[in-house]
Amino acid sequence: MVPIAKDTDIRAKDVSLYFLPVETRVPLKFGPETLTYVTCARVCMRVEDTKGNVAEGWGETPLSVQWVWPSSLTYEERHEALKAFCIQLAEAWAGFESSGHPVEVGHAFQETELKKHLQRLNQERGEAEPMPWLAALVCCSAFDIALHDAYGVLHQVPVYDTYNASYMNADLAEYLTPADGGDVTFGGKYPADFLVMPRPNEMPAWHLVGGKDLIDESELDGTEPDDGYPVLLRDWIRRDGLNCLKVKLRGDDAEWDYERLTRVGEIAIEENADWLTSDFNCTVMDPAYVNEILDRLVVEYPRMYGSILYVEQPFPYDLEEHRIDVHSVSARKPLFMDESAHDWHLVKLGRALGWTGVALKTCKTQTGALLTLCWAKAHGMTLMVQDLTNPMLAQIPHVLLAAHAGTIMGVETNCMQFYPEASLAEAEAHPGLYARRDGKVSLGTIGGPGFGYCLEKIDRELPPPIVDFD
């Protein structure tokens with residue numbers, strides 16, 4: 001139990017939920033599936049402190065079906081289940097009586113209500129395939145982000161200035177347990193002890209080279225969008241000054257993966273882009289698959305091999321079921337958990353299996369991302385912050401997490417590739433966040449309390465709320 005209450009504590013009071021549909025301009029491939037449209041869940045949460053003061057906060061997350069719930073079920077079946085669960089969570093959050101700092105309230109909700117409601121949903125689904133925990137976290141994240149934002153707004157401070165003993169009731173030892181056999185302790189430590197303060201106001205931007213992205217003129221067939229945005233990889237690099245390229249691979253076709261990686265690598269070298277990373281999207285079952293690609297690369301393309309900064313999530317995301325020893329891969333390149341890193345417990349297991357880094361995502365909740373960040377940093381693991389193709393408001397907590405985390409290299413950001421028109425209203429207030437210039441994104445316009453959205457400068461017309469408990 002959290003030991004002491006403060007007069008800065010809050011609880012959720014009212015919740016509104018909106019669904020914002022977004023279509024991609026080009027397909028985005030996730031492992032064996034392809035994304036062409038997504039629903040963004042946007043939440044407004046009103047909170048109240050012990051004195052009866054109230055404030056509103058906002059959170060948003062794309063419900064990226066293919067990423068959170070890989071399955072043979074139809075897209076629409078999973079899509080509708082995610083939306084239904086968001087509606088269920090809106091009611092749960094509006095009736096949640098726990099109070100405290102957002103980390104405390106968010107953690108309590110995940111440990112009790114979220115698990116209970118996921119179990120209820122899956123019982124209602126009967127013999128149908130159950131929704132996974134990762135999908136539940138993504139649905140919960142918009143509410144959790146709104147909670148953190150509302151706390152900062154209520155107290156008129158940036159929310160990252162509240163992750164310390166002045167605002168929190170308990171230190172990290174209340175939530176985190178160190179790995180066995182080390183000298184790490186979380187007693188007397190708070191998230192602020194592991195954050196970069198003050199934050200940088202610009203960061204290198206990683207460009208995603210999806211499995212269906214066109215990289216050569218010979219691939220053009222006339223069906224490409226003619227909307228003023230680049231189509232070919234080389235044009236993206238030149239227009240945005242890109243220096244960092246993340247390459248999506250299949251993980252079940254070594255020749256295709258090797259050819260794809262080397263073709264992108266050759267373009268990177270020709271266009272003076274320095275860094276690559278490879279993302280296998282959870283489809284590899286044997287470390288030898290990755291090792292053979294890397295070992296072949298170091299012999300045939302040594303410069304290209306040197307440009308690979310890290311390797312991302314080759315192996316199945318259910319780490320407890322697939323306890324694969326990956327030390328042989330991380331001996332070659334830093335190996336980052338992404339889908340596997342639901343929380344610090346799994347990061348602890350991953351570290352024991354040989355993973356050396358963690359790719360954080362706000363879509364697993366701001367609360368969870370902060371706790372995972374602290375555990376990983378305390379144990380010497382490297383961090384990255386990866387995108388869920390975050391448009392609109394979702395982009396702002398995403399880049400703020402990267403700026404405060406101290407990543408290995410900048411932040412992945414690709415909403416401007418796949419649905420740039422979706423964020424035009426937000427780009428009016430934050431032009432440097434929704435366009436990459438000289439290979440970077442700029443955070444200089446983010447300011448004010450909470451996540452510093454500057455909502456008064458954003459002319460976004462929302463549809464009627466799906467749920468409104470006000």
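Below are the figures for this structure:
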item	result
Span-like helix ranges in the chain, DSSP H, alpha carbon extent 30 angstrom or more, Kyte mean at least 1.0	133-155
Spacing of the two label points (7 Å from each Cα toward its C-beta) at T36 and Q123, in nm	3.8 nm
Violating pairs (Cα-Cα greater than 18 angstrom) within the set K13/K361; K189/K377; K29/K212; K13/K364; K115/K364	K13/K361; K13/K364
Share antiparallel - DSSP beta bridges, the range 191-451, percent rounded to 5	15 percent
The chain, helix-only ellipticity at 222 nm - DSSP H runs n ≥ 4, -39,500 (n - 2.57), divided by all residues, nearest 500	-10000 deg cm²/dmol
Alpha carbon Rg of the range 161-238, scaled by the compact-globule rule 2.2 N^0.38 Å	2.02
Qualifying GluC sites (Glu not before Pro) for the range 398-470 [loop in DSSP, other Cβ within 10 Å: at most 12]	E461
Selection of trypsin sites (Lys or Arg not before Pro), the range 9-86, meeting DSSP coil and at most 14 other Cβ within 10 Å	K51
Kirkwood-based Rg to Rh ratio, the chain, C-alpha trace	0.95
Segment E300-E217, length gained on full extension (0.36 nm per residue, minus Cα span)	27.4 nm
The chain: relative contact order in percent, alpha carbon pairs under 8 Å with at least 6 residues between	20 percent
For the range 186-255 and the range 393-455, distance of Cα centres in Å	14 Å
Farthest toward positive dipole pole in the chain [+1 Lys/Arg, -1 Asp/Glu at C-beta], among Q395, G181, A273	G181
Sites T50 and T74 - FRET efficiency at Förster radius 45 Å, r taken between beta-carbons, to 0.05	0.40
Neighbourhood net charge (12 Å Cβ-Cβ; Lys/Arg +1, Asp/Glu -1) for R11	-4
Beta bridges by DSSP in the chain, antiparallel share as percent, to the nearest 5	55 percent
Distance (nanometres) between label positions extended 7 Å along Cα→Cβ at E111 and E292	4.6 nm
GluC sites (Glu not before Pro) restricted to DSSP loop in the range 98-190 with at most 16 other C-beta within 10 Å	E127
Inter-centroid distance (Cα atoms) of the range 364-392 relative to the range 83-131, Å	21 Å
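Each value in this text was obtained by applying a stated rule to the coordinates, not by laboratory testing. Quick caveat, the model's predicted, so the values are computed rather than measured. Every residue, glycine among them, receives a Cβ derived from its backbone with ideal geometry; neighbour counts consider all protein chains shown.
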